[in-house]
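One structure is given here, and the rest of the page talks about it.
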Amino acid sequence: LNKLLAEGKGNSEPTKIIILDEIDQFINDQNFLYNMLEWLSIGSKLILVFISNIIDLTLKLDSKLQSRLKYSTIIFKPYSYLEVQDIIFIKYPDIRTFVQKDAITFVAKKIANINSDIRLLEKMYARM
């Protein structure tokens, strides 16, 4: 990856975009994040997009990392229970054959009230 990014220094090279989801999982390994930000300083045409479940992630980073960031924050609203319910029916179209609609609505409301984390839905479905 270092070689690829170093080759991208010229104006004719396309911009490279790296998207990292769940970046908050690296909060305890800030060295990894620091190394990623180092790629920006080698002059490559690179855009890093970090996606986190923690709204104030930047405040939890050490000052060395904070000083290297130029960022914008986009906050996505949590899913409503109706959206969670729709996701349930789309991801698990056969669920209506063995789970009552009231139970699905109950689960959708619980997930929406907790934090709208759809991964909870997948864990619950795996237990069925």
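The values are calculated or read from the model by the stated rules, or taken from the named source; none is laboratory data. These numbers come from a predicted model, not from an experiment. Quick reminder, even Gly has a Cβ in these numbers, built from the backbone with ideal geometry, and neighbours come from all protein chains shown. When the accessible area is computed, the model is the full protein with side chains, heavy atoms only, and any ligands, DNA or RNA have been set aside. Shrake-Rupley method; radii C 1.70, N 1.55, O 1.52, S 1.80 Å.
Within the range 107-121, if we keep just the residues that are touching a residue at least 12 places away in the same chain (Cβ under 8 Å) and assigned to a helix (DSSP H, G or I), the residue that is farthest from residue 88 (Cα to Cα) turns out to be 113. Every listed requirement among (1) open to solvent by 70 Å² or more (accessible area, probe 1.4 Å); (2) without any contact (Cβ under 8 Å) to a residue 60 or more places away in the chain is met by residue 50 save one, (1). Looking at (1) open to solvent by 70 Å² or more (accessible area, probe 1.4 Å); (2) at pLDDT 80 or above, can you tell me which one residue 14 breaks? Here residue 14 meets the rest and fails (2).
If you filter the range 55-72 down to residues that are surrounded by 10 or more Cβ atoms within 10 Å (Cβ to Cβ) and of a type in the set (Ser, Thr, Tyr), you find that the one that is nearest to residue 25 (Cα to Cα) is 58.
Scanning the range 90-106 for residues that are modelled with pLDDT under 85, touching a Phe, Trp or Tyr at 6+ places or on another chain (Cβ under 8 Å) and part of a loop (DSSP other than H, G, I, E, B) turns up nothing.
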